[in-house]
Amino acid sequence: MTSKIIQQGAEALILLDKNIITKKRIEKSYRISELDDKIRKLRTRSETKLLEKASKIVSIPKMIKSNEKIKEIDMEFIDGKKLSEHLDKYDLKKQKEICNKIGDNISKLHDSDIIHGDLTTSNMILKEDKLYFIDFGLGFISSKYEDKAVDLHLLKKAIEAKHSRNWEILFEEIIKEYKKYKDSRIVLEKLKTVEKRGRYKK
Ligand SMILES: Nc1ncnc2c1ncn2[C@@H]1O[C@H](COP(=O)(O)OP(=O)(O)O)[C@@H](O)[C@H]1O
Ligand SMILES: [Mg+2]
């Protein structure tokens, strides 16, 4: 095998072989082995389903195969720029354009009741001006406005922390496009309550 490890995350190992990414959910020795096996199998299955659904709606890596027995998903390698590392390098005009694309993608996913679950710029790759969303590992299907609001809330927190210089402008651009989603007004109202709750928790 010539594949190389490109990331060893908490839950998965990411391998690259030529232009194929393999996401392999690894064993957790602190869990009872049968339970661990079941959890990894279910998460692989859930991510596969979401990738299939999302592929009809936004740009994501093409899935090549999924094997829940060995807890692996093979997909196309998006050889582009990860936004967590590159967003701040562009001029503000381009940053805003990218944020419009982020908002557009989220509006489409939410309109189809797909909650991404981990909307950070580490899970977004720009390739030839096309924006790809990756990592549906924490995603789920829900029509609840609250779940959609929490999805946005996590993104807002992530942008604030990671792209602090212009974060307010950037989030504003995301929301501008998100408003295309027919129920966005209700979700944005919910977002206010989610944020208040967040403050009281501290
Ligand atoms: N299809 C892909 N194309 C390019 N890079 C990828 C792809 N899938 C994963 N990666 C890289 O591996 C990292 C971790 O993958 P991800 O699916 O986000 O797993 P985790 O659940 O560990 O965050 C990503 O941040 C990205 O750098
Ligand atoms: Mg990730």
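The values are calculated or read from the model by the stated rules, or taken from the named source; none is laboratory data. Source: prediction; values computed, not measured. Backbone-built Cβ (ideal geometry, glycine too); neighbour counts: all protein chains shown.
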Subject >> Residue within the range 20-28 that is outside the structural domain of Ala161 (by TED's automatic domain parsing), at pLDDT 95 or above and away from ligand 2 (no atom under 16 Å from the Cβ) present >> reply: yes
**OP:** Under 8 Å between Cβ atoms, at least 6 apart or on separate chains: pull out the pairs that start in the range 105-127 with a residue that is on the phi > 0 side of the Ramachandran plot and end on any residue that is more than 10 Å from ligand 2 (Cβ to nearest atom) and among the hydroxyl-bearing types (Ser, Thr, Tyr).
**Re:** Asp113/Ser142; Asp113/Ser143
Original post:
Among the residues of the range 81-103, is there at least one that is more than 16 Å from ligand 2 (Cβ to nearest atom), acidic (Asp, Glu), in contact with a Lys or Arg (Cβ under 9 Å, 6 or more places away or on another chain) and under 15 Å from Ile169 (Cβ atoms)?
Top reply: yes
**OP:** Take the range 55-81 and flag every residue that is in contact (Cβ under 8 Å) with a residue 60 or more places away in the chain and more than 13 Å from ligand 1 (Cβ to nearest atom).
**Re:** Val58
Original post:
If you check Asp147 against the conditions, is it under 20 Å from Glu189 (Cβ atoms), in contact (Cβ under 8 Å) with a residue 40 or more places away in the chain and away from ligand 1 (no atom under 13 Å from the Cβ)?
Top reply: no
Original post:
within 16 Å of ligand 2 (Cβ to nearest atom) and either in contact with a strand residue (DSSP E or B) (Cβ under 9 Å, 6 or more places away or on another chain) or aliphatic (A, V, I, L, M) (or both), is that true of Leu138?
Top reply: yes
**OP:** Considering only the range 82-108, state which residues are among the hydrophobic types (A, V, I, L, M, F, W, C) and either more than 16 Å from ligand 1 (Cβ to nearest atom) or at pLDDT below 95 (or both).
**Re:** Leu92, Ile98, Cys99, Ile106
Subject >> Residue list for the range 11-58, filter: of a type in the set (Val, Ile, Thr) and touching a helix residue (DSSP H, G or I) at 6+ places or on another chain (Cβ under 6 Å) >> reply: Ile57, Val58
**OP:** Could you list, in sequence order, all residues of the range 77-97 that are acidic (Asp, Glu) and within 16 Å of the chain's Cα centre (by Cα)?
**Re:** Glu85
Original post:
Could you list, in sequence order, the residues of the range 94-123 that are closer than 12 Å to Lys176 by Cβ and of a type in the set (Gly, Ala, Ser)?
Top reply: Gly103, Ser107
Original post:
Among the residues of the range 104-131, which ones are buried (at least 18 other Cβ atoms within 10 Å of the Cβ), within 16 Å of ligand 2 (Cβ to nearest atom) and of a type in the set (Ser, Thr, Tyr)?
Top reply: Thr121
